[in-house]
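Notes follow the structure.
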Amino acid sequence: MATTTVGVVRGLPHKFLNSKHVLSSTPRVSFYSSSSMSEKTNHYAKLPPLPVPKLNQTLEQYIRTVKPLLTKDEFVITEQVAKNFGAPGGVGEKLQHMLEEKSAKEKNWLSEWWLDSAYLSYRLPVLVHSNPSLVFPKQIFSSQKEQLSYAAKLIIGALRYKAIIDGAKLEQDYLGKSPLDMSQYTKVFCGCRIPGLTTDSIRHTSNSNHIIVAHNNHFFKMIVYRENGEVLDDNDILNGLLHITQNSTGPAAGVGFLTTECRNVWGIAHQELKKDPMNSASLQAIEDSIFVMCLDKMSKVEDNATASSRVALQLLHGYGADNNSGNRWFDKTLQLIVSEDGVNGLCYEHAPTEGPPIANLADFIVNYAKESILGETKGISIPKSELLTFNLSAPVDESIRLAKRNVDMLVQDVQMNSFTFDKFGKEDIKALKFSPDSFIQIAIQMAFIRLHGHPAAHYESASTRRFHGGRTETIRSCLPEIVDFAKIHLKPNQSPQEKYKALQTAISAHKAYVGMAINGQGIDRHLLGLKRLAIENGVNIPTFFLDPGYSTSNNWRLSTSQVAAINDMVMCYGPVTPDGYGCCYNPRRDEINFAVSAFYSTPTTCANKFGETLKGCLEEIRNIATSSIQSSL
Ligand code: COA
């Protein structure tokens, strides 16, 4: 049984809370790849290279996992296509050989391809479609000063965490006994995605000394270090925020709206903006900043979302042109958000890093904000800040107008259901001798089957950080054993013993797939590598990748992820198919936080119904286990 502990960094020694960070003065900018950045962290554990699975193993797993998604006739064809692909001397073997040669020369054969395919070449807007948000515990502010004081604490907390990362003082993360790659942490701060005409890039700056504060759609550059390189204290930051809010009482045109656009559209506008030297300098100040702090106004909305779902939506997309969507720079790797009504959290651009390092950062800064007490504001020290100005040409003006219209349409389409399932949590599931993650995954697939009458391709992220520069692999949670269990459970007249046996089989099958995925033996990244090699070497795209069975198995109607955090938080993101659901969860000791999303424009999906069905499935699965265990006593 694999036991895992992701993120021991959460328990950072308290002494780091007071560490001073000294800056060197010249910023350095780089456009990085995953492999080059991880060289920086080689004082952490040395990790093995990402392996290449055997071709026949991948194809066997592919056939097994595609089966529940196809009719009998479709499956016969897909199975044959897969067997032909893997036939001795065939194109699959040729590509496999090329991949093995590549992997012998590189520590992570996947990094560049993954960054490009999953993120930089993706052309839909980053908000909703790619950027996750993390909801922090809600605050109550009775004045703007309280809002800004809290924001100041989050800023200082984040800068202290940055100092720990920069000083390579993070505790090594582990998954079970295996140390994990730490390079993602070095990309959380000072990064920004830059839009391109067909593909984007990531700009990363070393030694930046400022953050950006967004207020009323204005962007201010605020220096957050003293001349001797020490981080300013909370009161200095608070003074700076007060000064900024006093100087931005009316709304700005909203250049930030451009970051909500489709990437090609934003790429064109970015080129146009940059023609003007003042704009170019303002863009550079944003892109090279350490992070963005968004000081939001209360979102005025008329929808039927619950209070917790509204919080999630405000952090995810800012609730449109009349609310806070222009008070963002969605390309920035890290945006902290504090709203006047106590909503707070973060939104991050996904290309450089996964959820767990972000959740660890969030736990750190939320704990810092809880522990830190601000003294009286002296009002004498105001950090240097500068309003960033833009000359907006007619084409850029028009782009902003269209971006506002488009973001409103997107915002109106997203349905979110963020809730806490409070009947039991991780510890109760462990007491039943089940893996909590597998248990939850089975409930999610079962909820889909119950609502829609058939299974769905189901993506769960698994960490491959056991390997050099590792990121994620897909856990294909729509496994035959899980679908069998759901069918047995949903059929009338099945005995409790039969159901329990099917549940045990389903849990074991999921856990085994998790084991494969975290050990670099999953199938989806391997298949991506083979496909990319074919494209890059001018080999005709093999029929395997053109088979409808392949597209069906990649049409992730369930896009799910566990992002564990100690505090009462939950990560949220949009669905990745128009007719799908996003479902992220934080399994806590005695409860599970969920954020389920769907698109209103697809009449067959509903995040509220899905959430209700999921709650029922979780309880039913537990009842199967408890009643069976009790009857065997
Ligand atoms: N009986 C009792 N306890 C069990 C058990 C069983 N049969 N199986 C597991 N457990 C325990 C584990 O020991 C662990 O204990 P802990 O709380 O003391 O650490 C706990 O239950 C959780 O284990 P499990 O639910 O099996 O999940 P996991 O922590 O191994 O997580 C993944 C599984 C796939 C989520 C994890 O490996 C992973 O990859 N996480 C990162 C995902 C990611 O990157 N997401 C973000 C993408 S943006």
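The values are calculated or read from the model by the stated rules, or taken from the named source; none is laboratory data. Small disclaimer: the values here were computed from a predicted structure and weren't measured. All Cβ positions, glycine included, derive from the backbone under ideal geometry; neighbour counts span all protein chains shown. SASA here: full protein model, heavy atoms, side chains in, ligands and nucleic acids out. Shrake-Rupley method; radii C 1.70, N 1.55, O 1.52, S 1.80 Å.
Summary table
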| read-out | value |
| --- | --- |
| Area of MET416 that stays accessible when all protein chains are in place (1.4 Å probe, Å², to 10) | 10 |
| Paramagnetic label zone (point 7 Å from Cα along Cα-to-C-beta, SER495; backbone N under 15 Å) in region 611-629 | 628-629 |
| Among HIS510, ILE373, THR249 - extreme Cα towards positive end, dipole of the chain, charges at beta-carbon | HIS510 |
| Global form of region 225-312, assessed from the alpha-carbon gyration tensor, a/c cut-off 1.5 | oblate |
| Helix-only mean residue ellipticity at 222 nm for the chain, each DSSP H run of n ≥ 4 adding -39500 (n - 2.57), per residue, nearest 500 | -13500 deg cm²/dmol |
| Label-to-label distance, nm, for residues given as ALA45 and ASP397 (7 Å Cα→Cβ offset) | 5.8 |
| Computed FRET value (nearest 0.05) for ASN264 with LYS430, which takes r as the C-beta separation and R₀ as 35 Å | 0.15 |
| Region 75-229, dipole about Cα centre (Lys/Arg Cβ +1, Asp/Glu Cβ -1), debye to the nearest 20 | 600 |
| Residue order for GLU302, GLU261, GLU101 - accessible surface, 1.4 angstrom probe, largest first | GLU302, GLU101, GLU261 |
| Helix axis angle, 263-274 relative to the chain longest principal axis, alpha carbon, degrees | 20 |
| Computed accessible area, SER385, all protein chains, 1.4 angstrom probe, square angstrom | 40 |
| Relative contact order of region 325-398, defined on C-alpha pairs under 8 angstrom at six or more residues apart (%) | 16 |
| Global geometry of the chain, whether rounded, prolate or oblate, following the gyration tensor of its Cα atoms and the 1.5 cut on a/c | prolate |
| Unit charges on C-beta of K, R, D, E only; dipole of region 308-455, Debye | 280 |
| Nearest-ten-degree value, helix 436-452 long axis tilted from longest Cα axis of the chain | 80 |
| Label zone at LYS94, where the point sits 7 Å out along the Cα-to-Cβ direction: region 540-554 residues whose backbone N lies under 12 Å | 540-543 |
| Approximate spin-label separation ASN554-HIS454, in nm, with each point projected 7 Å along Cα-to-Cβ | 2.0 |
| Computed lengthening from LYS609 to ASP579, 0.36 nm per intervening residue step minus Cα-Cα distance | 9.4 nm |
| With DNA, RNA and ligands ignored, accessible area of ASP397 (1.4 Å probe; Å², nearest 10) | 80 |
| Length released on extending from SER381 to SER601, taking residue separation times 0.36 nm less the Cα-Cα span | 74.1 nm |
| Modelled label reach - SER117, point 7 Å along Cα→Cβ, region 540-560 residues with backbone N closer than 12 Å | 545, 554 |
| Length released on extending from GLU340 to SER508, taking residue separation times 0.36 nm less the Cα-Cα span | 55.8 nm |
| Debye, to nearest 20: dipole size of the chain, +1 on Lys, Arg Cβ, -1 on Asp, Glu Cβ | 1000 |
| At R0 = 35 Å, FRET efficiency that the Cβ-Cβ distance of LYS138 and ALA168 yields, to 0.05 | 0.55 |
| Rounded if a/c under 1.5, otherwise prolate or oblate - region 347-476, Cα gyration tensor axes | oblate |
| 0 to 90° range, to nearest 10: angle between helix 55-66 axis and the chain longest Cα axis | 90 |
| FRET efficiency for GLU74 and ASN228, using Cβ-Cβ distance with R0 set to 56 Å, rounded to 0.05 | 0.25 |
| Dipole-positive endmost among LEU451, LEU127, SER299 within the chain (Cβ charges, Cα centre) | LEU451 |
| Positive-end residue, the chain charge dipole about Cα centroid, Cβ charges, pick of GLN184, VAL596, ALA45 | ALA45 |
| Those trypsin sites (Lys or Arg not before Pro) in region 529-615 that DSSP places in a loop and that have at most 12 other beta carbons within 10 Å | ARG589 |
| Accessible area of region 283-399 belonging to carbon and sulfur atoms, whole % at 1.4 Å probe | 51 |
